[in-house]
Amino acid sequence: MKFVPFIWAALRRKPVHAVLIFTSALFCFALIGVALGAGHSLAAIDHGGRQSAQLNAITETIAAIGLAIITVLTWNAVSHSVRLRMPELTILKALGYSTGLIITLIWSEAAAPSVVGAAMGLLLSRGILLLFLHLLPRGDMLPVPPWPLALFATGLPAAVLVAGIASAIPALRISRADVASELARLR
Amino acid sequence: MNTNPKTAMRQFFAVTALGLRSLHTRIANSLVVIFALAVVMVGLLPLLAASDGLISSYTRAANPSRALVLSVGAATDGSSTIPQNSLKSIEKSPGIARTRDGLAMADAEFFRPVKLLNLTTEEDGLTGLIGMGPIGFAMTPEIRLLSGRLPHAGNAEIIAGDLAERKFAGLALNTQMRLLGASWRVVGIFHTGSILDGDLIADATAMKLMQNQPDYNFVMVKLDSPAQFENFRHAVTVDKRLIALKQPDYYLMLIRRIPVTPLVVAYTLGLLLGMGALSGTVHTMYAAVSARAREIAILRAIGFDGAAVAASVVFEAMLLASLGALLGTLIVWLWVDGHPWNGGIQGGVFRFLVTPHVALVGQGWALVTALIGALPPALKTGRATVIDALRDR
């Protein structure tokens with residue numbers, strides 16, 4: 001099966017869900033990048049004191065909030081997409097596509113915009129942080145956070161994982177769908 | 001729009017009622033909007049609550065019948081120095097209230113920053129030790145003793161604000177502690193409801209003796225009436241080294257020095273979270289329109305105006321967003337309201353306050369997010385022809 005063309009065709013047919021997953025990932029991962037980068041800059045001037053521990057706790061909480069939001073929003077988009085496309089997915093099942101393959105397709109359609117959005121969001125967070133340091137009073141005294149390579153290394157897999165978690169419940173729906181009943185609804 | 005306004009309003013209410021009655025069929029999508037906006041509030045409001053709490057603690061300490069005399073160029077009372085030889089002329093200035101014995105209600109005071117162990121962070125926190133005389137205590141009736149007594153004149157005794165006692169180590173009643181190189185005993189705990197609750201107060205004479213310090217930091221006076229301030233100010237500023245400020249103006253000066261950094265961070269986080277919530281709102285309202293496609297098609301076919309239907313979509317989004325903002329504000333109120341924080345221009349302790357202003361900012365933020373998020377599906381519904389609506393079904 002031609003995986004990528006299938007996903008591309010699905011995204012083109014109903015782009016609204018992909019656009020919404022992309023924009024959610026863009027802003028949520030921008031938030032995560034800003035929070036962790038700002039925490040890094042502020043902790044650097046504390047030289048590992050107790051304030052650093054508090055700052056880390058705050059920035060990690062904000063990052064967790066960002067991940068929670070993107071998971072919920074992606075789940076919402078995937079659920080709606082699966083609900084609308086149940087007939088199409090049922091036909092694929094009737095043609096012999098395994099449940100696992102269909103679930104993988106659904107997950108890929110969520111993961112693709114999620115990863116692209118996450119990557120752009122992390123880049124955007126870098127821009128926002130530099131703007132902060134420029135605009136804030138005495139911001140030039142704060143150290144510039146390093147390029148978030150480690151953040152990319154964890155953020156992009158996190159985006160894939162978020163898509164997986166968000167697709168889990170809709171995927172269950174597909175796996176439990178009865179082909180005959182779904183096809184009967186098409187009449 | 002071909003319908004007259006009255007009919008359009010009736011149509012709007014009818015469509016909205018229909019939409020709200022079927023809300024339970026779209027509960028999952030609706031909960032997404034409520035959750036997303038609640039999370040936006042949790043990200044945005046705590047820092048606003050901190051800002052409002054600090055401002056409120058300063059404004060509650062301000063009394064228009066009181067004035068401060070500082071040295072020229074002093075940014076705060078702690079950085080001011082009043083020469084010894086100026087005190088007599090200040091006390092003789094017009095406009096100052098007098099005690100029954102004819103004494104001027106003018107109190108020369110000290111302010112010294114002191115470091116105490118912050119019980120939360122286990123690091124040094126900063127607060128103020130104020131040296132106040134008997135006239136100063138008489139001028140500050142809001143100092144209400146919760147336990148113990150006031151310091152005796154000349155004794156190395158302090159009273160601690162209730163917030164300071166909660167926040168810092170070593171301020172329990174009858175505790176002996178070292179401050180500014182001398183040993184002090186805590187003889188009382190007080191409450192004022194203002195920024196003073198984070199400070200310590202000692203007898204001014206005792207502080208002068210302990211520090212061998214001839215010059216006071218500032219003079220606080222009680223005026224006959226707020227209207228007497230200009231007379232008082234003219235007399236005091238004859239000495240070019242001095243300035244006089246009404247106490248509310250002094251605290252306004254401190255409020256203006258509060259850094260904007262936390263507010264910038266709060267609004268940036270709120271914006272980024274809000275953009276995430278926005279995409280969720282757009283999707284939810286598209287899903288709502290899609291779920292109600294048959295209903296909308298029939299309504300359009302029987303003559304309902306597209307604008308009324310569009311407006312009901314926006315209203316539903318704003319209602320859900322408002323519920324989310326209320327939930328988020330409640331969570332923030334339960335979480336941070338009243339929480340003491342070591343901060344402020346000269347250190348000290350103030351409480352986070354979830355004020356009506358904070359709640360209104362949250363509601364406004366949510367409603368704007370919902371309005372922007374609901375516009376695309378609302379416009380699609382409003383502009384579609386009846387045939388398009390029936391086809392979408």
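The values are calculated or read from the model by the stated rules, or taken from the named source; none is laboratory data. Quick caveat: nothing in here was measured; it's all calculated off a predicted structure. FYI the Cβ positions are ideal-geometry reconstructions off the backbone, even for glycines, and counts take in every protein chain you see. When the accessible area is computed, the model is the full protein with side chains, heavy atoms only, and any ligands, DNA or RNA have been set aside. Shrake-Rupley method; radii C 1.70, N 1.55, O 1.52, S 1.80 Å.
Would you mind getting the Kirkwood hydrodynamic radius of chain B from its Cα pairs, rounded to one decimal in Å?
Working: mean 1/r = 0.0404 Å⁻¹.
Evaluated on chain B, it is 24.8 Å.
When only the heavy atoms of the protein chains count and the probe is 1.4 Å, how do B:TRP341, A:TRP75 rank by accessible area, highest first? Mind showing how you got there, number by number?
On the way: B:TRP341 100, A:TRP75 70 Å².
Reading off the accessible areas and sorting them downward yields B:TRP341, A:TRP75.
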* Asked: Binning every alpha carbon pair distance of the range B:228-293 at 5 Å from zero, what are the percents per bin?
  -> 4, 13, 10, 10, 9, 7, 6, 7, 6, 6, 6, 5, 4, 4, 2, 1
* Structure fact -> quick shape note, the range B:204-342: Cα extents on principal axes in Å, largest first -> 87, 35, 23
* Structure fact -> Phi angles of the range B:70-81, converted by Karplus (6.51 cos²θ - 1.76 cosθ + 1.60, θ = phi - 60°) into ³J(HN,Hα) in whole Hz with x for Gly and Pro, give 10, 7, 4, x, 6, 7, 9, 5, x, 9, 9, 9
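Of all the accessible heavy-atom surface of the range B:1-74, with the other protein chains kept in place and a 1.4 Å probe, what percent is carbon and sulfur?
After summing per-atom areas, the C and S share lands at 66 percent.
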* Sequence ranges B:31-40, B:147-156, B:307-316, B:326-335, ranked by mean other-Cβ count within 10 angstrom, highest first -> B:31-40, B:307-316, B:326-335, B:147-156
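Suppose the chain between B:LEU371 and B:LYS240 were pulled fully straight at 0.36 nm per residue; how much longer would it get relative to their current alpha carbon spacing?
Roughly 41.4 nm would be gained on extension.
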* Heavy-atom accessible area of B:THR99 with all protein chains present, probe 1.4 Å, nearest 10 Å²? -> 40 Å²
* Peptide B:31-41, shielding by other chains (average Cβ, 10 Å cutoff) -> 3
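Can you tell me the convex hull volume per residue for the protein assembly as shown, based on C-alpha atoms, in Å³ to the nearest whole number? Walk me through the intermediate numbers first.
Values: hull volume 116.5 nm³, N = 580.
For the protein assembly as shown, the hull spanned by Cα atoms encloses 201 Å³ per residue.
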* To do: Evaluate the Kirkwood expression for the hydrodynamic radius of the range B:77-208, namely the inverse of the mean inverse distance over all pairs of different C-alpha atoms, and round to one decimal in Å.
  => 15.5 Å
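Between B:LEU146 and B:THR355, what FRET efficiency comes out of the Förster formula 1/(1 + (r/R0)^6) with R0 = 22 Å and r the beta carbon distance, rounded to 0.05?
Numbers: r = 25 Å, r/R0 = 1.12.
Step by step, r from the Cβ atoms, then E = 0.35.
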* Structure fact -> chain B: relative contact order from alpha carbon pairs under 8 Å, six or more residues apart, as a whole percent, is 30 percent
* To do: Be a star and scan the range B:201-245 for residues whose amide nitrogen sits under 16 Å from the point 7 Å along the Cα-to-Cβ vector of B:ARG257.
  => B:217-219, B:243-245
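If B:ARG300, B:ARG66 are ordered by their accessible area, calculated over protein heavy atoms with a 1.4 Å probe, which sequence runs from highest to lowest?
Values: B:ARG300 35, B:ARG66 5 Å².
Ranked from most to least accessible, the order is B:ARG300, B:ARG66.
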* Sorted largest first, extent of the range B:1-78 alpha carbons per principal axis (Å) -> 70, 35, 21
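Quote the Stokes-Einstein diffusion coefficient, in whole µm² s⁻¹, for the range B:70-132, based on the Kirkwood radius over alpha carbon pairs, a temperature of 10 °C and a viscosity of 1.306 mPa s.
On the way: Rh = 14.3 Å.
The estimated diffusion coefficient comes to 111 µm²/s.
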* What pairs from A:LYS93/B:LYS380; B:LYS167/B:LYS240; B:LYS6/B:LYS380; B:LYS115/B:LYS240; B:LYS167/B:LYS222; B:LYS92/B:LYS246 go past 29 Å between their alpha carbons? -> A:LYS93/B:LYS380; B:LYS167/B:LYS240; B:LYS115/B:LYS240; B:LYS167/B:LYS222
